[in-house]
1. Search the stretch B:371-388 for residues that are part of a loop (DSSP other than H, G, I, E, B) and pair each with any residue that is aliphatic (A, V, I, L, M) when their beta-carbon atoms are under 7 Å apart and the residues are at least 6 apart or on different chains.
2. Check whether at least one residue in the stretch B:216-236 is small (Gly, Ala, Ser), assigned to a strand (DSSP E or B), modelled with pLDDT of 90 or more and touching a Phe, Trp or Tyr at 6+ places or on another chain (Cβ under 7 Å), and report yes or no.
3. (1) crowded, with 23+ Cβ neighbours inside 10 Å; (2) free of Cβ contacts under 8 Å to residues at least 60 places away in the same chain; (3) farther than 19 Å from B:GLY265 by Cβ: which one isn't true of B:MET123, the others all being true?
4. Against the definition (of a type in the set (Asp, Glu) and under 29 Å from B:VAL129 (Cα atoms)), how does B:ASP380 come out, yes or no?
5. Quick one: B:ILE407 ticks every box in (1) modelled with pLDDT of 90 or more; (2) closer than 30 Å to B:VAL354 by Cα; (3) out of contact with any helix residue (DSSP H, G or I) (no Cβ under 7 Å at 6 or more places or on another chain); (4) open to solvent by 40 Å² or more (accessible area, probe 1.4 Å) bar one, so which box is it?
6. Scan (1) part of a strand (DSSP E or B); (2) small (Gly, Ala, Ser); (3) in contact (Cβ under 8 Å) with a residue 40 or more places away in the chain for the single condition B:ALA433 breaks and write down its number.
7. Considering (1) crowded, with 17+ Cβ neighbours inside 10 Å; (2) within 14 Å of chain A (Cβ to nearest Cβ), say which one B:ALA433 fails and leave the rest.
Amino acid sequence: MKLMMKVLFFFALTLADASLVSAAENQTQEQIQAAMVYHLFNFISWPEHAPKTHQNRICMAPDFPGQTALFALENIQVKNKPIHVKTCEDTTCAKQCDILLLSGDVNPLNTTLLQSVSHAPVLTLAANGWSLAQKTLVSFYHDDKRLRISVRLSKMLASGFKVSSRLLRLVRIIDNEDETNEVDEMDEMNEIQGVQP
Amino acid sequence: MHNTNLNTYTTRVLALLACLFGVFFSGVNALATENNNPYLKMSIEDLMQVPLSVASKKPQALSDTAAAVFVLTSDDIRRSGATSLPEVLRLVPGIDVERINGHEWAVSSRGFTSSFSNSLLVMIDGRSVFTPLFAGVYWDVQNIMLEDVDRIEVVRGSGGAVWGANAVNGVINIMTKSAADTQGGLIVTSVGDNKRENGAMAIRYGFKIGEHGSARFFAKGFSRQDDNPKANGPIGNWKDKRLGFRTDWETNTSTFMLDASAYHGEESTLMYAAAPYSATHTYQSAMSGSHLLGLWQRDGLSVQAYFDRTMRTRRTFAEHRDTMDLDLKYHAAIFHGHDLQWGVGYRTTSDTIVNTLALSLDPASRTDPLYSAFIQDELDLTNNLKLTLGLKVENNNYTGFESAPNIRLMWHINAKQQLWASVARAYRPPSRADTDLSQLFVNSPHFHLGLVANPHLETTDVSSYELGYRFQPQTNIALEITAYRNDYKRLTTNEELPFDTTTNFLAIKEANYLDAMSKGMELNVSWQIFEPWRLKTNYTWTRISARSTGGNDLTSARNTETGTPNHMWSIQSALTLTNQLTFDTQFYAIAESLAHKRQAYTRLDARLGWKPTDAIEFILAMQNVQNKRHHEYPDASGNFSEFGRSYYGQMHWAF
């Protein structure tokens with residue numbers, strides 16, 4: 001029993017230490033990811049036929065990673081409107097979003113949610129993954145230990161979205177599933193459809 | 001003696017509380033240091049240059065997992081019409097769920113179907129719910145509110161490299177919803193036809209605590225018929241009532257969860273008198289228990305502690321067990337291309353058994369500590385090839401040091417296809433009952449037959465080889481096929497000892513004289529035909545061969561080979577008729593089990609849901625719609641209960 005007490009107190013002390021160390025480390029992937037989602041409102045314009053009720057609404061599938069940092073965006077103002085964040089488990093909810101965040105996982109719920117907004121003015125975004133990231137308009141990926149964004153530009157433009165040229169200079173553009181073009185080679189596209197934030 | 005036990009118990013509770021306070025105050029520290037996300041002030045250009053020095057703990061995408069993983073969502077559970085966890089698990093490919101009577105099930109993965117489920121590790125929110133007494137699961141006390149289950153993750157195959165002992169053929173992890181996701185009130189009430197539900201009611205209420213906290217309380221009770229056709233009429237009811245709460249605290253940097261519940265249940269069991277007598281008796285058993293679980297997570301660090309108390313009183317024995325567990329895990333991408341997890345754990349379980357002439361454990365009281373550590377690294381070999389290396393080591397009180405290594409390889413062929421392979425070793429050390437149990441089966445004046453304890457039983461080893469393929473030809477169709485082979489060494493047999501003529505006692509002793517090989521294939525297809533209609537189908541093929549390596553037990557090898565159904569097929573339809581009406585059906589076809597003299601059977605379950613408003617839903621569910629009375633799995637005496645059509649109505653009211 002004494003041994004067990006020692007082990008438990010050791011863990012309690014470890015916790016206190018780890019907590020202090022962690023408090024100093026603010027560079028978390030979740031926060032960076034949330035900040036990038038926040039910036040998307042600045043650099044993307046929604047289609048003109050988007051309902052006026054769509055105002056900075058972020059929706060997440062239940063398995064989307066990093067929800068804590070995203071929920072912290074609630075009521076933060078962007079373009080003079082507050083952000084609202086919620087999780088969605090059905091298609092009715094998904095259609096009322098401006099941004100729909102899905103994990104990279106291909107599961108029935110993600111597939112259903114993605115299909116339900118295929119013709120709606122909803123910006124779909126997949127977290128780091130393999131399969132679903134090829135189906136959404138925007139996706140996250142890792143490169144050189146940094147979080148990056150890729151966009152399916154042709155599909156976004158066809159859907160009525162407009163993308164800031166400032167954002168396009170930074171992201172990887174995927175025009176179809178097999179072809180990847182770096183943004184440096186797409187300057188003319190930026191000039192054609194770009195908007196300045 | 002009493003004071004010593006009280007002191008020991010008090011010390012343990014204090015130790016656990018000390019740890020939880022440590023966890024809580026570190027959580028409070030996180031609250032105190034919280035501020036806005038600093039990255040919001042950065043430009044998008046700067047954001048993309050921030051190196052990710054510490055990867056956050058994040059769920060792994062199913063398509064990235066080199067294992068036979070299946071996830072049941074809350075929607076799957078809700079629309080299954082099931083009212084207990086084992087019934088829900090029928091939806092999982094490769095999991096064989098066979099009902100024994102009103103309150104017992106045999107649940108297994110990849111063969112070796114047994115009422116003890118002792119090659120399958122089951123957890124609720126990371127808390128192990130298998131009993132160290134026989135390394136199986138008391139399914140009759142796992143009656144959580146199904147409405148609060150967020151998802152059930154089932155890993156078929158060996159999971160020893162992460163989960164350790166008993167994760168031989170699979171791991172089931174039941175995850176409940178955060179209190180933040182169960183705000184407001186919910187009342188669920190059911191009435192049935194006495195075969196399924198006499199009556200059940202559950203009440204839950206969730207609320208916010210300040211800016212960062214939330215909590216919920218629940219109470220649940222039910223009464224169901226405990227049926228057995230060999231009894232002269234109903235033998236009584238299975239009753240269960242429980243209370244519980246959960247609180248969750250979330251900040252930008254950390255989460256803290258505290259979960260607790262307490263329950264009391266009663267059930268009727270039919271006892272067959274030992275030979276040469278033939279009378280049957282019905283007796284009541286009582287079960288009660290409680291648990292307290294704390295979990296704190298920050299970045300990649302996770303600390304979990306729990307205390308669990310189980311008390312069961314049966315006619316033949318009584319068990320009082322206290323278990324304490326402490327686990328620390330860390331998950332970080334320390335090196336480029338590596339995703340590293342490691343952890344350490346300590347568990348101690350103490351029991352006191354009230355022995356009877358029919359059943360006894362020696363010693364009657366025992367404490368078993370368990371120390372463990374694991375490490376797992378995921379390496380990106382190329383852009384589309386990922387290697388996972390894992391190792392878990394444990395030191396237990398029965399066989400000492402044990403290890404479970406694991407190698408997994410995942411190949412992303414393209415965006416639509418993945419191929420994976422795995423080689424693993426898992427193990428099942430002897431349980432408390434395996435080494436300490438003596439049992440008297442026949443007690444006539446001139447002949448006695450019984451089981452005697454064998455404290456020298458050895459660990460059962462399993463070498464597991466798996467190959468899996470996932471394919472999504474279109475966004476609405478997903479297919480997964482898995483093939484496996486498991487080689488088992490030192491399974492247990494029942495060996496007859498020489499007849500003792502002085503006491504007229506024929507003793508049976510467990511020994512490790514059985515090797516076996518199982519192989520099989522699991523196929524599951526999910527097809528969203530159109531938005532309101534989803535079909536899922538599962539097919540499982542299993543074949544087991546076994547050979548005796550000594551001893552005189554001539555039946556264990558044959559029973560092992562023929563005790564598991566070779567074929568299982570199911571198809572599930574989820575149809576959304578209108579915004580208010582849903583209609584779901586599940587059809588199951590299970591092959592025969594020769595060892596148990598059980599015929600093949602089919603069953604069709606159906607559920608109709610009507611949701612006139614967002615707050616209220618009415619459900620009518622029916623099991624065995626075609627009313628084919630059938631047997632599923634025999635009880636400990638080899639007798640079957642018979643299951644026919646049953647139905648219930650249910651109302652959900654959210655406020």
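1. none
2. Checked against the condition, which is being small (Gly, Ala, Ser), assigned to a strand (DSSP E or B), modelled with pLDDT of 90 or more and touching a Phe, Trp or Tyr at 6+ places or on another chain (Cβ under 7 Å), the stretch B:216-236 yields no hits at all.
3. So the condition that B:MET123 fails would be (1).
4. Judged against the criteria, B:ASP380 is not a match.
5. For B:ILE407, the failing item is (2).
6. It fails just one condition, (1).
7. Looking at each condition in turn, B:ALA433 falls short on (2).
Quick grid of which residues meet (1) open to solvent by 20 Å² or more (accessible area, probe 1.4 Å); (2) free of Cβ contacts under 8 Å to residues at least 12 places away in the same chain; (3) over 29 Å from B:GLU402 (Cα atoms):
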{"site": "B:LEU440", "(1), (2), (3)": "yes, no, yes"}
{"site": "B:ILE508", "(1), (2), (3)": "yes, no, no"}
{"site": "B:LEU514", "(1), (2), (3)": "no, no, no"}
{"site": "B:ARG534", "(1), (2), (3)": "yes, no, yes"}
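The values are calculated or read from the model by the stated rules, or taken from the named source; none is laboratory data. In this text, all values refer to a predicted model and were calculated from it rather than measured experimentally. In this analysis, Cβ positions are derived from the backbone assuming ideal geometry, glycine residues included, and neighbour counts consider all displayed protein chains. Accessible surface is based on the protein model in full, side chains and every heavy atom, while ligands, DNA and RNA are left aside. Shrake-Rupley method; radii C 1.70, N 1.55, O 1.52, S 1.80 Å.
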